[in-house]
Amino acid sequence: MAKKRVKNNKVSNTTDSKTILLKWASKILFVILVLLCLFIIYYIISVKVYRNTGYKYRPFISMHSISSQSMEPNYNINDVVIDYIEKNPKNIKVGDVITFLPSNFNDNSITMTHRVVEVVEIDNIYYYKTKGDNNLEADEFLVSYDNVLGKVLFKIPYVGKLQFLL
């Protein structure tokens, strides 16, 4: 408990506002670090499960690094996007940013993050026309809902370097 002093008939705390501010800042920083550690542990476990089960594994929350300039200036190289699984394909709308496995690549480890510019429904299956924000034209292929890994929730700038290190 802080000591109280009487000066000129006024009671004042010896703990000043800077000390209180520093205590709160350190508590907030600690909580952020704990959350970051938990998320990194979740990420490492997800990667191990993905390697064991193949590309059909879809965690509810995933993170993907941006590795090209196609989404600049909104998403830069080495930004990390946090995605969540959108369970209803109708909820992916024009303007949403999604991460997906492009069907025209043979490598299932390559993901793309682009903005939806058109939604197409064919025989009750949803497809999305996508485009990088920095690209002049839309992608040549449609993305089926089955290839969508997630809808972008938010980004963390420059954390991709740490992700590549892990």
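The values are calculated or read from the model by the stated rules, or taken from the named source; none is laboratory data. This is a predicted model, so every value here is computed, not measured. Note: ideal-geometry Cβ built from the backbone for every residue, glycine included; neighbour counts use all protein chains shown. Quick note on the areas: whole protein, heavy atoms, side chains included, nothing else; ligands and nucleic acids left out. Shrake-Rupley method; radii C 1.70, N 1.55, O 1.52, S 1.80 Å.
Here D79 clears all of (1) more than 17 Å from F60 (Cβ to Cβ); (2) open to solvent by less than 10 Å² (accessible area, probe 1.4 Å); (3) modelled with pLDDT of 95 or more except the condition numbered (3). With respect to K23, determine if the residue is farther than 19 Å from L153 by Cβ, open to solvent by 90 Å² or more (accessible area, probe 1.4 Å) and at pLDDT below 75. No; evaluated as a whole, the condition is false for this residue. For segment 61-81: of the residues being in a strand (DSSP E or B) and touching an Asp or Glu at 6+ places or on another chain (Cβ under 8 Å), which is farthest from N124 (Cα to Cα)? Top of the filtered list is S65.
Could you check, for segment 140-149, whether at least one of its residues is within 27 Å of L36 (Cα to Cα) and touching a residue at least 60 places away in the same chain (Cβ under 8 Å)?
Let us first name the residues in segment 140-149 that are within 27 Å of L36 (Cα to Cα), namely 148-149.
Next, only the ones that are touching a residue at least 60 places away in the same chain (Cβ under 8 Å) stay: 148-149.
Yes, some residue in segment 140-149 is within 27 Å of L36 (Cα to Cα) and touching a residue at least 60 places away in the same chain (Cβ under 8 Å).
Of the residues that make up segment 51-60, is at least one touching a Ser or Thr at 6+ places or on another chain (Cβ under 8 Å), surrounded by 14 or more Cβ atoms within 10 Å (Cβ to Cβ) and either modelled with pLDDT of 90 or more or not in a loop (DSSP other than H, G, I, E, B) (or both)? Scanning segment 51-60, I find no residue that is touching a Ser or Thr at 6+ places or on another chain (Cβ under 8 Å), surrounded by 14 or more Cβ atoms within 10 Å (Cβ to Cβ) and either modelled with pLDDT of 90 or more or not in a loop (DSSP other than H, G, I, E, B) (or both), so the answer is no. Of the residues examined, K129 is not one that is part of a loop (DSSP other than H, G, I, E, B) and modelled with pLDDT of 95 or more.
Here is the figure for segment 82-95: residues that are part of a loop (DSSP other than H, G, I, E, B), without any contact (Cβ under 8 Å) to a residue 60 or more places away in the chain and surrounded by fewer than 17 Cβ atoms within 10 Å (Cβ to Cβ) total 5.
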